[in-house]
1. Among A:86, A:59, A:93, which is the only one that is at pLDDT below 95, over 16 Å from residue B:153 (Cα atoms) and in a loop (DSSP other than H, G, I, E, B)?
2. Does residue B:120 meet the test of being within 16 Å of residue B:40 (Cα to Cα), touching a residue at least 24 places away in the same chain (Cβ under 8 Å) and in contact with a strand residue (DSSP E or B) (Cβ under 7 Å, 6 or more places away or on another chain)?
3. Filter segment A:1-10 for residues that are surrounded by fewer than 20 Cβ atoms within 10 Å (Cβ to Cβ) and more than 8 Å from chain B (Cβ to nearest Cβ); which is nearest to residue B:5 (Cα to Cα)?
4. Run down B:36, B:98, B:94 and say which single residue is within 30 Å of residue B:143 (Cβ to Cβ), touching a Gly at 6+ places or on another chain (Cβ under 7 Å) and either of a type outside the set (A, V, I, L, M) or within 14 Å of another protein chain (Cβ to nearest Cβ) (or both).
5. For segment A:64-99, name all the residues that are of a type outside the set (Gly, Ala, Ser), in contact (Cβ under 8 Å) with a residue 24 or more places away in the chain and in contact with an Asp or Glu (Cβ under 8 Å, 6 or more places away or on another chain).
6. If you take the residues in segment B:177-216 that are of a type in the set (Val, Ile, Thr) and either in contact (Cβ under 8 Å) with a residue 60 or more places away in the chain or out of contact with any Ser or Thr (no Cβ under 9 Å at 6 or more places or on another chain) (or both), which one is farthest from the other protein chains (Cβ to nearest Cβ)?
7. Can you give me the number of residues within segment A:71-89 that are in contact with a strand residue (DSSP E or B) (Cβ under 9 Å, 6 or more places away or on another chain) and within 14 Å of chain B (Cβ to nearest Cβ)?
8. Can you tell me which residues in segment B:118-137 are of a type outside the set (Gly, Ala, Ser), facing chain A (nearest Cβ under 9 Å) and either closer than 24 Å to residue B:24 by Cα or surrounded by fewer than 20 Cβ atoms within 10 Å (Cβ to Cβ) (or both)?
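The values are calculated or read from the model by the stated rules, or taken from the named source; none is laboratory data. Fair warning: this is a prediction, and the values are worked out from it, not measured in the lab. Cβ placement follows ideal geometry from the backbone for every residue including glycine, while neighbour counts extend to all protein chains displayed.
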Amino acid sequence: MHELSLAKEIISHVERIIPVDDLPKIQTIKIHVGEFSNIMPDSLLFAFNSLIEGTKLNNVRLELEIVALKVKCNTCQEVHSIKMNNFVCPNCNSNNLQLFSGSELFIESIQMNDD
Amino acid sequence: MSVLKIEKKILEKNDQIAERNRGIFLSHNIFTMNMLSSPGSGKTSLIEKTILKLDEQIKIGVIEGDPQTDLDAQRLNSLAIPVVQIITNGGCHLEANLVNDAFSKGNFTNVDLLIIENVGNLVCPAGFDLGENFKIVVVSVTEGDDKPLKYPVVFRNSSVMIINKIDLLPFVNSSIDQLSKNALKINPSLKIFATSCYTGEGLDLWCEWLKNQLNR
């Protein structure tokens, strides 16, 4: 359900960045969503599409790039993808790991139609 | 067609307010913990017992988050401590601005420890920084010992886990050992306590540890 808050935040970021008259020119908003960020992509898309209905952003497509959960091992220094519920280095079995990627939640770019 | 690079965190506004909260808490020398769990794990009972044990040694204040009613705040009001209730009207998590607002409404500036009881939910609150010193996750034995495996983000993001309602262990099919093992698979640095608010078991250890965090 917090996907609704996130969809609102995405829209308010975009409305702050893009001048109001240019909002209908936006084609795609591309965001990065980490696998380990507790976000359900379908819920986020549903919330976003519901919120933009009948607004200047009506035709905007929200594109999600899912970022895999990866950890950096503090023992062997290698970076690996791991399963979400077993934080163990596949190379050396150490559990002294730091998150390398997978908690991302950011707007990467906005694609505009310049015609 | 043009592409505008943005690279902006979606929760930037929340993070900025959380940082502001952190500064406010620090300026008043207040230690803050954000308590997370599923509904009904016993967060409010744990807070009550913690206050009763530590009341004469440290000043405690509570911000209560619930989707509806101020029943929890009413419970804590009888303990004569500053309490502010946030009713989220169905909202599934607390955000930094709600805590900022609640803090300004309460008489918290003289407290040593501020406990923020989040909305009962193991998913959504995990991603929202409120400006706390640490997150603590409460899990009761009745929920099953596989909880950490099902909700890894909240267990990874927390510093402490309290296994509550251990007086009910004879009646349920879960163990402290297995619950701890599963949680440590996600977060090996998790500090673990096992408590019962009914018998009082484990509460002294937890309260002693908590008190020592304030003196660090």
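1. Working: A:86 fails: over 16 Å from residue B:153 (Cα atoms); A:93 fails: at pLDDT below 95.
Exactly one of A:86, A:59, A:93 is at pLDDT below 95, over 16 Å from residue B:153 (Cα atoms) and in a loop (DSSP other than H, G, I, E, B), namely A:59.
2. Numbers: within 16 Å of residue B:40 (Cα to Cα): yes; touching a residue at least 24 places away in the same chain (Cβ under 8 Å): yes; in contact with a strand residue (DSSP E or B) (Cβ under 7 Å, 6 or more places away or on another chain): yes.
For residue B:120, the condition - within 16 Å of residue B:40 (Cα to Cα), touching a residue at least 24 places away in the same chain (Cβ under 8 Å) and in contact with a strand residue (DSSP E or B) (Cβ under 7 Å, 6 or more places away or on another chain) - is met.
3. Looking at residues that are surrounded by fewer than 20 Cβ atoms within 10 Å (Cβ to Cβ) and more than 8 Å from chain B (Cβ to nearest Cβ), I get A:8.
4. Every option except B:94 fails the conditions.
5. Step one: filter segment A:64-99 for residues of a type outside the set (Gly, Ala, Ser), giving A:64-67, A:69-80, A:82-93, A:95-99.
If we keep only those that are in contact (Cβ under 8 Å) with a residue 24 or more places away in the chain too, we end up with A:64-67, A:69-74, A:84, A:97-99.
Of everything in segment A:64-99, those that are of a type outside the set (Gly, Ala, Ser), in contact (Cβ under 8 Å) with a residue 24 or more places away in the chain and in contact with an Asp or Glu (Cβ under 8 Å, 6 or more places away or on another chain) turn out to be A:65, A:66, A:67, A:69, A:72, A:84.
6. Our first condition is that a residue be of a type in the set (Val, Ile, Thr); within segment B:177-216, this holds for B:186, B:192, B:195, B:199.
Add one more test, that the residue is either in contact (Cβ under 8 Å) with a residue 60 or more places away in the chain or out of contact with any Ser or Thr (no Cβ under 9 Å at 6 or more places or on another chain) (or both), and what stays is B:186, B:195, B:199.
On the way: B:186: 6, B:195: 24, B:199: 31 Å.
Only one residue tops the list, namely B:199.
7. Restricting attention to segment A:71-89, the residues satisfying the condition of being in contact with a strand residue (DSSP E or B) (Cβ under 9 Å, 6 or more places away or on another chain) are A:71-75, A:78-82, A:87-89.
When the remaining residues are screened for being within 14 Å of chain B (Cβ to nearest Cβ), the result is A:71, A:73-75, A:82, A:87-89.
Going through segment A:71-89 one residue at a time, the tally reaches 8.
8. Start the filter on segment B:118-137 by keeping residues that are of a type outside the set (Gly, Ala, Ser), which leaves B:118-119, B:121-125, B:128-130, B:132-137.
In the following step, the residues that additionally are facing chain A (nearest Cβ under 9 Å) were identified as B:121, B:123-125, B:128.
Residues satisfying the conditions are B:123, B:125, B:128.
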